[in-house]
Amino acid sequence: MKVGILGAGQLARMIALAGYPLGLDFIFLDPSVDACANKLGEHLHGDYSDPVLLAELARRADVVTYEFENVPAPVAKFLAEHTRVYPPARALELAQDRWVEKNFFLELGIPTPQFALVDSLEDLEQAMSMLGIPAILKTRTQGYDGKGQSLLKSEADLKPAWVVVQGLPAIVEAFVPFTREVSIIAARSVSGSVVFYPLSENLHKGGILRIAESRANDPMQAQAEDYMSRLLNALDYVGVMALELFEVDGELIANEFAPRVHNSGHWTTEGAETSQFENHLRAILDLPLGATTALGKAAMVNFIGGLPTTKDALAINHAYLHLYGKSPHKGRKVAHATVRTESAEQFGQSVRQLAKLAEQVDDS
Ligand code: AMP
């Protein structure tokens, strides 16, 4: 069985690593010559919209999936005419545009921060009188890891913020005074079976995820599962999905969803009975989904911009290192490490040590 993946970055690499024990082969389409998954399968090198390469991918793969949500929806639709493509193209369309995505949340009764469409500086000024200060201006498309975003703390910030988004279509949303950020990851198979992972509690800095910790028996689990179920069912979804949420006053508010495996679920590799990567493959191949039970306490720490030495990372008790095979440069996610242990005390100590190591090499 051959799985095609649009994109050959670290997420594709981790999906392939999870697929080898199941006897799966992989073929990637990616424009970058040295894409980091390319040692794990065949690499079709070229543009995502190249019709010749897409036709080859569709012909050679039994099923096609993707590792990022900015795959042009027409590409997914073209592939779907020739082979099975999961998750569905509709999920891509929604996740690519914050305005469309937020309206979809509201249609499903999922709370999201108050927001308004902004196509001009005048729109922004008008929206601010409704939303109040502080607020965040975000481009509708192409934004990730805090890119294309500007925090508005006073009237004086509006004009410069509008320059930052370069006049691109945008939304402005109320700043949520959250007590914490969490995400839920779920998998839904072709035949409609669903599994949910324990919540991840996430720490961001500069809009980029730094640490994600598994939260077994979290009081917000049921509400997160309810919102996730609404999304999965409405989209007749297949594959792994992540939903990022803010917690305020014991209620969850949806920030965004990702129709793919997610950085906040990397702890599942060592910290859950079945990893998100394996369950993504099981879901799209309509295999029985694996148990998502957390194994002790687990967390993941990202290395951004720089790498620790393998020796330093592995010297930390219960730490597992995942190098992506990418050369470090500013702002680039190049590795992560997970910690898994039964001991709460040891867990805290190891996470702190890893976070310190990540800070020392950080170049974000
Ligand atoms: P995003 O790219 O929308 O996921 O935003 C990146 C990070 O910015 C989030 O994980 C939050 O830490 C922060 N953020 C985004 N939107 C809001 C908001 N409306 N209120 C407070 N913080 C936010």
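Kindly provide log₁₀ I(q)/I(0) values, in the same order as q = 0.07 Å⁻¹, from the Debye equation applied to equal alpha-carbon scatterers of the chain. Once normalised to I(0) and log-transformed, intensities are -0.30.
Write down the accessible area per residue of the chain in Å², having rolled a 1.4 Å probe over the full set of protein chains. Mind showing how you got there, number by number?
Details: 15150 Å² over 364 residues.
Result: 42 Å² of accessible area for each residue.
Under 1.5 on a/c is rounded, so check that first for segment 114-174, then, if it is not, pick prolate when a/b is larger than b/c and oblate when it is not; a ≥ b ≥ c are the square roots of the alpha carbon gyration tensor eigenvalues. Note, shape of segment 114-174 comes out rounded.
Annotation for segment 287-355: trypsin sites (Lys or Arg not before Pro) lying in DSSP loop with at most 10 further Cβ atoms inside 10 Å of their Cβ are Lys330. Across the accessible surface of segment 2-85, with the other protein chains kept in place and a 1.4 Å probe, carbon and sulfur atoms take up 56 percent.
Rolling a 1.4 angstrom probe over segment 157-314 with all protein chains present gives an accessible area of which 52% lies on carbon and sulfur atoms.
Test of understanding: extend the Cα→C-beta vector of Asn233 to 7 Å, then name every residue of segment 92-109 with backbone N under 13 Å from that spot. Zone members listed by number: 108-109. Each Cα pair under 8 Å and six or more residues apart adds its sequence gap; the mean of these over the residue count of the chain is a relative contact order of 13 percent. With the simple spin-label model, which puts each label point 7 Å out from Cα in the Cβ direction, the Ala315 to Asp123 separation comes to 5.4 nm.
Volume per residue, Å³, of the convex hull around the alpha-carbon atoms of segment 2-85? Numbers along the way, then the final one.
Working: hull volume 6.3 nm³, N = 84.
So the per-residue Cα hull volume is 75 Å³.
Restricting the calculation to Cα atoms, every distinct pair contributes to the Kirkwood radius of segment 244-340, found to be 15.3 Å.
The values are calculated or read from the model by the stated rules, or taken from the named source; none is laboratory data. Just so you know, these numbers come straight off a predicted model, no measurement behind them. Neighbour counts run over all protein chains shown; Cβ positions are idealised from the backbone, glycine included. Ligands, DNA and RNA are stripped out before the accessible areas are found, and what is left, the full protein with its side chains, is counted by its heavy atoms. Shrake-Rupley method; radii C 1.70, N 1.55, O 1.52, S 1.80 Å.
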